[in-house]
Every structure is written in C-alpha cells, then in structure tokens.
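Structure, as structure tokens:
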Amino acid sequence: MKSKEFLLHNARQFGTLFGLFVLVILLWILTPHFLTISNLLNVAQQTSINAIIAVGMTFVIITAGIDLSVGSIMAFSGVVLASALDAGLPLPLALLIGLAIGMACGLFNGLLITYGHLPPFISTLGMMSVARGAALLYTRGRPISGFGENFRSLATGEIIGLPAPVIIMIFIYIIAHFVLTRTKLGRYTYAIGGNEEAAVLSGINVKFFKTMVYGLCGMLSGLAAIILTARLNSAQPIAGIMYELDAIAATVIGGTSLMGGEGRIVGTLIGALIMGVLRNGLNLLGISSFIQQIVIGSVIIIAVLIDMVLKRHKK
Amino acid sequence: MIVKQSKSAEKDPVLEMRNIRKTFPGVVALDDVNFTLLSGEVHILLGENGAGKSTLVKILSGAYQKSGGNIVLFGKDVEIKNPRQAQQLGISIIYQEFNLISQLSAAENIFLGREFLLSPTIIDQKRILDSAQSLLNDLGVNIDARQLVGELGVAQQQMVEVAKALSLNAKILIMDEPTSALTKNEIIELFAIIRKLKNRGVSVIYISHRLEELSEIGDRITVLRDGKYIGTHQISEMTQHDLIRMMVNRELKEQFPKQKQQIGDEILRIERLNRQGSLNNINFTLYRGEILGVAGLLGSGRTELARAIFGADKIDSGMIYVDGKLQIINKPRNAINLDIGYLSEDRKAEGLVLDLSVQSNICLASLGRFSKFGVVSNKQEKDAASEYVKDLRIKTPGLNQKVLFLSGGNQQKVVVSKWLCSNAKVLIFDEPTRGIDVGSKVEIYQLMNRLTAEGAAIMMISSELPEILGMSNRVMIMREGSIAGIYDTDNVTQEKILQNALGAA
Ligand SMILES: Nc1ncnc2c1ncn2[C@@H]1O[C@H](COP(=O)(O)OP(=O)(O)OP(=O)(O)O)[C@@H](O)[C@H]1O
Ligand SMILES: [Mg+2]
C-alpha cells in the first residue's frame, strides 16, 4: 500500500526518469564513448550550471511566474564577482558579493511583481536587459580573466572523485528538495501558485514569500556565475545568453506546470540531466549544431506533449 | 402534479444504466450501480458526500469514462465518449460551477459553438439574439439576452444554462446541486421551470442535499451509498426519516444539536462601519460562546460585511474592536493575527488550493503553529489533519490525496476543517454547510458547539433559515447593506426573518 502510493504519487517523475533511461541506452548503443565514467562526469559537470539555475526557476514557475532574467543576472553577478577578486578582496567576501548581487536583482524582480503589480514576464524581461546592460557597462564589454588557484578549485577541484560543481549541485538539490517539501516557504510556494486568492485569505504573506522566491532564483543565478567564472577562469559580460530557456526547459520537462501549483525538484534534476545528456550525446555523435537545436527543441515539445496527453487521459 | 403519480409503471425508460462501475486510483467511486430514468420524470439522486452521485452523472455527460457496465439510451446501447457526443445524444448537464463565459452575452453563451451564420465567416447576431430571447421568454424568466453573463446573478446564470440545454434539444437534463446557491424565491422559480420541462417530456436527473425540497420536485429517488446502489423508490412513499436511514445507514439523532453555551464577554465589536456601495453604518457586537446567525437575501451585504471585517476588502470608515481594543485590519493577515478566521462562500475560488493535499489544505492557515524556524513538522500536521478527517468523516483515500479529486461536499469539509484547525477565536462562516450531506452537517454543528464551549464566537452567514434558527443564539438580518434587525433566536420565526430581509416589516 505504502509503496503503491509512492509510485502513484511520483508517477510523473518515474516517467521522466524512464525517458532519461531510454536516452542513455540509446546513446550507449550508438556511441561507445558515451557510457564511460569520464564522459558521464563530464556531462554532470556541464549540467550543473543549468541544473542550479533550474532550481530557482522551478520555485518561480511553481508560483505561476517566470524568470527570463537568470542568464543576464548570472553574467552581471559574474563580472562583479570577478572584479572583486581582481581587486584582491578575500575569497569568501568576493563569493558573498557574487551571491548578493544575484539575490538583489532577484529581489528587485520580486518587488516589481508583488508591489508593482507587474506581470512576471514583463518585469523579468526588463531585468534581462537591464542586468545585461549593467554587466557590459561595468566591464566596458571586456571579459575579466585570470584568478587564483583557490577560487578556480571551485570548478576544478574534486572530492571523492566527483568534480566540485557536481558536489555543489547535489548539495543544492538536497536543500531545495527539503525547502520545497518541508518548510513554510515551500508549502506557500505551492499555495501561491495553486490559488493565490486562497493563499491571501489563509493569512499567507503572499508578497513577502513571492519576493523571496525571486530572490532565491537570483541568488542561484549568482551561484551559477561563481561556478562558470571559476571553470572558464574568466567572467564574460555576454555569458549566459539564452540560459533562461535551458532552465525553463529543464523545469518543464521535469513535470512542473507553467500554470503553477505543481512541480517537483527531483523532476527538474532529471529534466536538466536529459538536456545535458542530449547535448553531450549529439556532440559525441558529431551532429551539427544546427540539427542539435532542432532535436533539443523537439524533445522539449514532445516531453510536454506527452505530459498533456497523459494528464487528459487520467480521467 | 397529482395526476402523474403512480403512473410511472406505464412510462418507458429513456435511459438505463446497468452495472456501472468506475474506479479512480485508490478509489472505487461506483460499484455495480443501476439506474433507470423514465420519460418525463424528475429523478432524484441522493447519497452522502462522496457516495458517487456526481461521478454517475459525469459518466452520462461524457466527462468521465466508465470502467464497466453499459448504458442503454432510448433502447439502444451507447458509448458516451465525450461531452459533445452526450449533447448530440440529447443529454445536457448543468454543473454547480457553470460553464459560461462571463464576458459574453447570454445569447452568445447559449449558442456558443453553434452560431447561426450569414455566410461561412459572418455570424448572424440578430438571429442568435432573437432565438435566445425567445428561449428565455419561453422559460418565463426575465433576462435580457443581450446582457453579459458576468452581470447576471447566480440564479439567472443558471437559467441561461437551462436555456442552453433546451436549445440543444436536451431530452435528459442533469442538475448537480442546482439549489445550493439559490435563495428561496429563486428555488421556487427554478421548480416552476423544471415542471415546465417535465411537461415537455424532458427527463430530469436532480442531485441535492436539501431533503425538504425533494418531495416537492421529485417523482422517484435513487439512493447511493459508498458507490453502491441501495435502491429506487417513489418519493411519495418515503418520509425524510426513511431517506436519511437509506442514505447514512444509521440513526441520526437531531438535525440541529444546539447546546446553549454560557454567553461570555464581548469579543468583537463593530461600530459605524461603511463601505461605499455595499455596507452602510453597521453596528453590532459578538460575544464569546455565541453563534450569531446572519440572514438576508443574496446581495444584502452579508458576504461584504464578512470580507470587510476580515480585511479582504477595504472599508471606508468604521471601527473594529477585538477584545475591547480598537484594531486596524487592512489585510486578512492582520485579522488572522487577531485570531479571526473567515470561511469564504466560494470554496473553489477562495478556499482551496486544489493541487495541494488534504493535509496541506487543512493546515494552510495554521502552519505557523506547526513549524519551527520555518520547518514544518510533518507529524504535528498529520495529527491535526487526521483528527478532522476522522471527526468530519472526510472521504479520501489518504491525507496525501489532492483535494482536486475529492467530491464537492468533501472539499467543503476540508475548507471548514482549515478554519476549525486555525485556533481562531472569532470565526466568520459564510455558508459553511453548502453541499454537505445531512449527516455530516450534524458533525460540523457539533464541532461548532465544541468551539463555542471553548469560548470562541461564530458568525454564521447562511441562506438556510432552519440552520440559522436551529443553531444560533441570535439572528442578525441584513438588508441592502444595513442591519435590518437583531433578535434572540427564541423570539423570531422564519416569517419574521423573511419580512425583515425583504423590508416588508
Ligand atoms: N477525478 C477523481 N479522481 C479520484 N477520485 C475521485 C475523482 N472524482 C471523484 N472521486 C472519488 O469518487 C468518490 C465519489 O465522488 P463523487 O464526486 O461522485 O461524490 P458525490 O456523491 O457527488 O459527493 P458530493 O455530495 O460530496 O458531491 C469520492 O470518494 C471521490 O473522492
Ligand atoms: Mg457531487
């Protein structure tokens, strides 16, 4: 009974997992290179940045919102962080600044949406442009490169054979899962997305929690900026263009409903892995980047299509 | 009316549903149910919350697919695959939540998807309008077909739905709890229309929890319990007592178990409260341990008053004292912090988060109490929720079931639980027993008694006068945004309340 309930409750997640599984088998058959430890670690590492941004996106989308500014916020956080490191600030302080910039941009999004009553699409579309412009202005359009070993080890380091970004990603997913399932913030995130009016009438401080969710999303973009900057040993003001789309795709493939009120963090992880595995596999197969775009776009559409059909058939 | 009785044996069945079965994950909603509908009869479906009534009619209307059994319509075996097909077969359904588009006119709604055309692309507005108007006139209702549906009252919207069903040439009309949101006069009008439909040979399947109206409108009755078929009878041969016993399979002591509590100190006082266009100069006091019934017609300002006190709507002027202290309530959160709770009348739009579980919904307004440093204690939550599921007999396969999948009445029990659980000291209940079966009502009343015994005060807005008279200590009657009178329940009758509410006193 208990395990049956568990299966029922997580049917959607198992479906996505099955999709990932099929994909992996397929690539295993098609290319011997795919299922090697080193390649899999490579995939995990490449996935980590999108996966971390997608966590914030999942929260936002569960509130029935959207955040188009994550890529720009990441670029802006990255260049400010880089300049802080460049100026010789202590590493922890520089990291904190990177996170704080991301969070501040996110909170600003949140305030525009809650107190300014702007639709999330519009306010984050604006922020997308503003943060990008700020990043370019701040660096006069040039990348900032060359950092100390300590900082770079955030991307290059390993613990028990796992690359640091993968460890960070796992850590973030565990926390995010806990927050979403066990805390007030998590519960209210669902309640706001499911029925905002009912949430208000239940005495939930909807404006506060919604603002927090956008702040969280911004902060995770800041975290992604840290990893990306460390990996490339360089902060680019034009980094992260179109990252919002990958994050949204991972979230939606993972079963989070754009209508809000529904979604699981585990689903998003699987969604991000599907995106990562697909990219990696297409590269290994030597498929041109033009065709890659077509394939990835199609996968997104098909995944959501299957979801819709299944939902309708549940009746 | 008298002529038709006992002749049903000669009538032909228009519909036979045999051995119908329907399962959902973890739930058997219908188990071997039989149902026969005769031509021109009003057939009542009765049963407790979650008995399977709505499921049965949704199978007919094509909203759900049956898992087993067969349907014979006008002597032919049919499979009803979707709502459109049901319409073509002459089956129309009016759900409790209407399927109308509020930005369109009554006429446009009635002919939505079946517009008359002048040419392949151009709509014949005039013909739509004329046909709609004549349908409405035929029904004898006073609605201008040009009016936007959003501007119509609940009862009028329902008439638009009926007109739509007629325009579809419905031979079978299904009404799922049509009267739960109607006032007494509107119910009388609705019944007149149902009789008209009967005379035209339309068969009606009618679901309601209001036992007192069943014998007035119904010919035969079928009772379901726990998804099983219990029996079908001539309604004239059944007493209310019989019906209740068939329905709940146990004795029901009293419908209104009112216990007189010790009335305590003042807990809430409202002075000179005004809100432009809906409330004017409201003054009253609520005492610990009492239930104050609030009566009035639809639109008399009862809900507006509740929302104003709760901070859901802004007030223009006035003072709210809680425990004798003047308080400013700008938003619901302020009110909840002062231990005021508000159960809104519209559970779907304002009460429930349908995608959340039963447990999460019950605890939604109490999470502060169940959490430390922002982390919710699953155990405390579970304990609280399972207590209400047990006390109110909420029918659900588990605490983790999404509220979306509960029956209407069970959803209502969940919202009621949310406020019972909130530890509020002042509870404003707006139509708390809407859609709830007779047995469960008693359980809700008992919980209300328990709360008042513990010193809480309840303001109960209700359109059911027996409930107001049966449960409250005092009755407050509202008319056109003002208080028309406050009486001790012992000194007031239904007639007096109605006179006050209508302004004929
Ligand atoms: N879509 C669904 N998914 C899962 N369970 C469902 C679904 N719809 C109904 N049920 C279950 O089927 C049972 C019958 O529900 P139904 O809505 O038919 O009850 P009802 O007799 O109309 O009750 P009420 O008087 O409360 O409206 C209930 O236990 C309900 O939880
Ligand atoms: Mg029902």
What about B:LEU100, is it more than 14 Å from chain A (Cβ to nearest Cβ), within 30 Å of B:ALA349 (Cβ to Cβ), within 16 Å of ligand 2 (Cβ to nearest atom) and not basic (Lys, Arg)? no
Can you spot a residue in the range B:367-380 that is within 16 Å of ligand 1 (Cβ to nearest atom) and open to solvent by less than 10 Å² (accessible area, probe 1.4 Å)? no
Just to check your reading of the model, which residue among A:TYR214, A:TYR188, A:TYR173 is crowded, with 16+ Cβ neighbours inside 10 Å and closer than 30 Å to B:ASP339 by Cβ? A:TYR188
Here's a check for you: in the range B:345-363, which residue that is open to solvent by less than 10 Å² (accessible area, probe 1.4 Å) and under 22 Å from the mean Cα position of the chain (by Cα) is farthest from the other protein chains (Cβ to nearest Cβ)? B:VAL358
Selection status of B:LEU420, part of a helix (DSSP H, G or I), touching a Leu at 6+ places or on another chain (Cβ under 9 Å) and away from every other protein chain (no Cβ under 14 Å): no
Quick check on my filter: what residues within the range B:311-344 are within 11 Å of chain A (Cβ to nearest Cβ) and either over 16 Å from B:PHE429 (Cα atoms) or part of a helix (DSSP H, G or I) (or both)? B:LYS331, B:PRO332, B:ARG333, B:ASN334, B:ALA335, B:ILE336, B:ASN337, B:LEU338
For B:GLY140, are the conditions met, namely being at pLDDT below 95, among the small types (Gly, Ala, Ser) and surrounded by fewer than 18 Cβ atoms within 10 Å (Cβ to Cβ)? yes
Say whether the condition of being open to solvent by less than 20 Å² (accessible area, probe 1.4 Å), touching a Ser or Thr at 6+ places or on another chain (Cβ under 8 Å), away from ligand 2 (no atom under 14 Å from the Cβ) and within 19 Å of B:SER208 (Cβ to Cβ) is met by at least one residue in the range B:11-34. no
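Would you confirm whether any residue within the range B:301-310 is hydrophobic (A, V, I, L, M, F, W, C), within 14 Å of chain A (Cβ to nearest Cβ) and open to solvent by 10 Å² or more (accessible area, probe 1.4 Å)? Give the steps one after another, and end with the answer.
Looking only at the range B:301-310, we keep the residues that are hydrophobic (A, V, I, L, M, F, W, C), and these are B:305-306, B:308-310.
Next, only the ones that are within 14 Å of chain A (Cβ to nearest Cβ) stay: B:306, B:308-310.
Now drop any that are not open to solvent by 10 Å² or more (accessible area, probe 1.4 Å), which leaves none.
No, every residue in the range B:301-310 fails to be hydrophobic (A, V, I, L, M, F, W, C), within 14 Å of chain A (Cβ to nearest Cβ) and open to solvent by 10 Å² or more (accessible area, probe 1.4 Å).
Quickly run through the range B:114-150 and pick out the residues that are in a helix (DSSP H, G or I) and aliphatic (A, V, I, L, M). It would help to see each step written out before you state the result.
Taking the range B:114-150 as the starting set, the residues that turn out to be in a helix (DSSP H, G or I) are B:125-139, B:149-150.
Listed by number, the residues that qualify are B:ILE128, B:LEU129, B:ALA132, B:LEU135, B:LEU136, B:LEU139, B:VAL149.
I'd like to verify a number: residues in the range B:73-101 that are of a type outside the set (Lys, Arg), outside any helix (DSSP H, G or I), open to solvent by 20 Å² or more (accessible area, probe 1.4 Å) and more than 15 Å from ligand 1 (Cβ to nearest atom), how many? Steps first, please.
As a first pass, look at the range B:73-101 and keep what is of a type outside the set (Lys, Arg): B:73-75, B:77-80, B:82-83, B:85-101.
Keeping just the survivors that are outside any helix (DSSP H, G or I) gives B:73-75, B:77-80, B:82, B:89-101.
So of that shortlist, the ones also open to solvent by 20 Å² or more (accessible area, probe 1.4 Å) come out as B:74-75, B:77-79, B:82, B:89, B:93, B:95-101.
Retained after the next criterion (residues that are more than 15 Å from ligand 1 (Cβ to nearest atom)): B:74-75, B:77-79, B:82, B:89, B:98-101.
Summing the residues that are of a type outside the set (Lys, Arg), outside any helix (DSSP H, G or I), open to solvent by 20 Å² or more (accessible area, probe 1.4 Å) and more than 15 Å from ligand 1 (Cβ to nearest atom) in the range B:73-101 gives 11.
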From the list B:ALA181, B:ALA165, B:ALA170, pick out the single residue that is of a type in the set (Gly, Ala, Ser) and within 16 Å of ligand 2 (Cβ to nearest atom). B:ALA181
List every residue pair whose Cβ atoms sit under 6 Å apart, with the two residues 6 or more apart in sequence or on different chains, where the first one lies in the range B:24-37 and is assigned to a loop (DSSP other than H, G, I, E, B) and the second, anywhere, is near ligand 1 (Cβ under 8 Å from one of its atoms). B:GLY26/B:PRO397
Any residue at all in the range B:347-360 that is closer than 22 Å to B:MET448 by Cα, in a loop (DSSP other than H, G, I, E, B) and within 16 Å of ligand 1 (Cβ to nearest atom)? yes
Contact list, first residue from the range B:239-267 and free of Cβ contacts under 8 Å to residues at least 60 places away in the same chain, second anywhere and in a loop (DSSP other than H, G, I, E, B) and not β-branched (Val, Ile, Thr), beta-carbon distance below 7 Å, six or more apart or interchain, is B:GLN262/B:GLY289; B:ASP265/B:ARG288; B:GLU266/B:GLY324
Tell me, yes or no, whether the range B:179-197 has at least one residue that is within 16 Å of ligand 1 (Cβ to nearest atom) and within 30 Å of B:ASP12 (Cβ to Cβ). yes
Filtering the range B:177-224 down to residues that are acidic (Asp, Glu) and closer than 25 Å to B:HIS241 by Cβ yields B:GLU177, B:GLU212, B:GLU213, B:GLU216, B:ASP219
Condition (residue is surrounded by fewer than 19 Cβ atoms within 10 Å (Cβ to Cβ) and assigned to a strand (DSSP E or B)) applied to the range B:488-504: is it met by at least one residue? yes
Output the residues belonging to the range A:191-211 that are assigned to a helix (DSSP H, G or I) and crowded, with 23+ Cβ neighbours inside 10 Å. A:ALA191, A:ILE192, A:GLY193, A:GLY194, A:ALA198, A:ALA199, A:LEU201, A:LYS210
The range B:40-53 residues that are among the hydrophobic types (A, V, I, L, M, F, W, C), paired with ones that are within 9 Å of ligand 2 (Cβ to nearest atom) (beta carbon under 7 Å, 6 or more apart): B:LEU45/B:LYS53; B:LEU45/B:ILE207
The condition of being of a type outside the set (Ser, Thr, Tyr) and either in contact with a Lys or Arg (Cβ under 8 Å, 6 or more places away or on another chain) or crowded, with 21+ Cβ neighbours inside 10 Å (or both) holds, among B:ILE193, B:ILE188, B:ILE172, only for B:ILE172
A:VAL80 vs (1) buried (at least 20 other Cβ atoms within 10 Å of the Cβ); (2) under 20 Å from A:MET275 (Cα atoms): all pass except (2)
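Which of the residues spanning the range B:448-467 are under 21 Å from B:ASP265 (Cα atoms) and open to solvent by less than 20 Å² (accessible area, probe 1.4 Å)?
Of everything in the range B:448-467, those that are under 21 Å from B:ASP265 (Cα atoms) and open to solvent by less than 20 Å² (accessible area, probe 1.4 Å) turn out to be B:MET448, B:ASN449, B:THR452, B:GLY455, B:ALA456, B:ALA457, B:ILE458, B:MET459, B:MET460.
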Exactly one of A:GLY126, A:GLY102, A:GLY133 is within 17 Å of the chain's Cα centre (by Cα), in a helix (DSSP H, G or I) and not aliphatic (A, V, I, L, M), and that residue is A:GLY102
Can you tell me which residue among B:ILE444, B:ILE436, B:ILE483, B:ILE468 is in a strand (DSSP E or B) and on the phi < 0 side of the Ramachandran plot? B:ILE483
For the range B:111-131, check the following and say yes or no: at least one residue is within 30 Å of B:LYS66 (Cβ to Cβ) and touching a Leu at 6+ places or on another chain (Cβ under 9 Å). yes
Checking B:GLY68 against (1) within 16 Å of ligand 1 (Cβ to nearest atom); (2) open to solvent by less than 40 Å² (accessible area, probe 1.4 Å); (3) within 26 Å of the chain's Cα centre (by Cα), which test does it fail? (3)
Evaluate the following for A:GLY148: is it in contact with a helix residue (DSSP H, G or I) (Cβ under 8 Å, 6 or more places away or on another chain), buried (at least 22 other Cβ atoms within 10 Å of the Cβ) and over 30 Å from B:GLN380 (Cβ atoms)? no
Checking B:SER54, B:SER67 in turn, the sole residue that is within 24 Å of B:GLY439 (Cα to Cα) and either more than 16 Å from ligand 2 (Cβ to nearest atom) or not hydrophobic (A, V, I, L, M, F, W, C) (or both) turns out to be B:SER54
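The values are calculated or read from the model by the stated rules, or taken from the named source; none is laboratory data. Since we're looking at a predicted model, the values are computed, not measured. Note: ideal-geometry Cβ built from the backbone for every residue, glycine included; neighbour counts use all protein chains shown. Just the protein is used for accessible areas: all its heavy atoms, side chains included, with ligands, DNA and RNA removed. Shrake-Rupley method; radii C 1.70, N 1.55, O 1.52, S 1.80 Å.
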